[in-house]
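Reviewing the structure listed below.
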2 protein chains.
Amino acid sequence: MPHPPLPDSDAAAQADRFSHARTAQSMTLLEDYTEMIDDLVRAHGEARITDIAHLMGVTHPTATKAVARLKREGLAVSRPYRGVFLTEAGNAMAARVRARHRIVVDVLLALGVPADAAEIDAEGMEHHVSAATLAAFEAYLRR
Amino acid sequence: MPHPPLPDSDAAAQADRFSHARTAQSMTLLEDYTEMIDDLVRAHGEARITDIAHLMGVTHPTATKAVARLKREGLAVSRPYRGVFLTEAGNAMAARVRARHRIVVDVLLALGVPADAAEIDAEGMEHHVSAATLAAFEAYLRR
DNA sequence: GCCAAATTGTAGCCTTGGCTCTATCTTCTG
DNA sequence: CAGAAGATAGAGCCAAGGCTACAATTTGGC
């Protein structure tokens, strides 16, 4: 038994935080694409692979793969050479993500973050905002 | 020419935000490990692979791979079967990351986020906090 | 000082999310 | 209504970051 310190409970808690952050990361793709598809359907009546890819800043095979995952997870449906559409679950996720994004940006703005930085940072931060934190943000925005 | 809408500038800006978030993600590993190694060196005089792995919540080969990357990037040094230590650059990164983490947690707490949620969420959010946002956070904390 | 246990290293596999290249299908235009 | 242009699909490659299994090295206790 070498190094004595480091209570096991603390170590476990810290490991959990990192594991949690890694897991959250895997949701990022689903959340970003569902919101994007929702945006496109609202704007154009459908979401095309090319538009999704363009807006996400990836190539179209990458977008195709992502959509395949959305379909596997029951968030989207599509038929070959036709557009992509969200399922009920997909719409629910899109609505949730959209609301959360809005709140995160608003909080950043309220804290004095410049608008462009707020948009950029929110895009990455929002996926790590838990329900508890989101609730606190909402309460704060209502003063 | 199919769908007319979507000004190209907006599309490009949005694509940039997503690309940026993806790139930031690749820094996460470096930042987390350098801070962890710094913690361990402070506490024990050295950072052992086993302890790093344990605290990060991964297996030791994963920690070894991460350390290999840190060494490739000039952030850490180590000799076989000896501990891992940070370089100048590594120490600088650790200091920066530690300070940023503190600030993010403090901002969350100031906004009324429960302490446990603040710690968990900060672990994921902090990597997406830009210099501009960090400056705004600091200003806010100083009232 | 030796042997067992702990630690570290290494090889090889998996998944994810990027990419390029090529083939196929749709759509638009002349 | 045929061909060209554009959009979608699909195969196959790569790197990152997990993992397990196994080999080698250090270390601690007797």
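Summary table below
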item	result
Failed condition for B:LEU30, given (1) modelled with pLDDT of 95 or more; (2) closer than 30 Å to A:LEU55 by Cα; (3) within 11 Å of another protein chain (Cβ to nearest Cβ); (4) buried (at least 19 other Cβ atoms within 10 Å of the Cβ)	(3)
Yes/no for A:ASP39 being surrounded by fewer than 20 Cβ atoms within 10 Å (Cβ to Cβ) and assigned to a helix (DSSP H, G or I)	yes
Odd one out for A:PRO80, checked against (1) within 10 Å of DNA strand C (Cβ to nearest atom); (2) surrounded by 15 or more Cβ atoms within 10 Å (Cβ to Cβ)	(2)
Condition check for B:THR28: within 12 Å of DNA strand C (Cβ to nearest atom) and either assigned to a strand (DSSP E or B) or closer than 23 Å to B:GLY124 by Cα (or both)	no
Unique residue being within 16 Å of DNA strand D (Cβ to nearest atom), within 24 Å of A:GLU126 (Cβ to Cβ) and either open to solvent by 10 Å² or more (accessible area, probe 1.4 Å) or in a helix (DSSP H, G or I) (or both) when the list is B:GLU138, B:GLU119, B:GLU123	B:GLU123
Test: residue in the stretch B:63-81 that is under 30 Å from A:ALA118 (Cα atoms) and within 13 Å of another protein chain (Cβ to nearest Cβ)	no
Complete set of residues in the stretch A:82-116 that are in a loop (DSSP other than H, G, I, E, B) and more than 11 Å from chain B (Cβ to nearest Cβ)	A:ARG82, A:THR87
Qualifying positions in the stretch B:43-54 - surrounded by fewer than 22 Cβ atoms within 10 Å (Cβ to Cβ), within 11 Å of chain A (Cβ to nearest Cβ) and part of a helix (DSSP H, G or I)	B:ALA43, B:HIS44, B:THR50, B:ALA53, B:HIS54
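The values are calculated or read from the model by the stated rules, or taken from the named source; none is laboratory data. Predicted model only: the values in this text are computed from it and were never measured. For neighbour counting, all protein chains shown are included, and Cβ atoms are generated from backbone atoms with ideal geometry for every residue, glycine included. Keep in mind that these areas ignore ligands, DNA and RNA; they rest on the heavy atoms of the full protein, side chains included. Shrake-Rupley method; radii C 1.70, N 1.55, O 1.52, S 1.80 Å.
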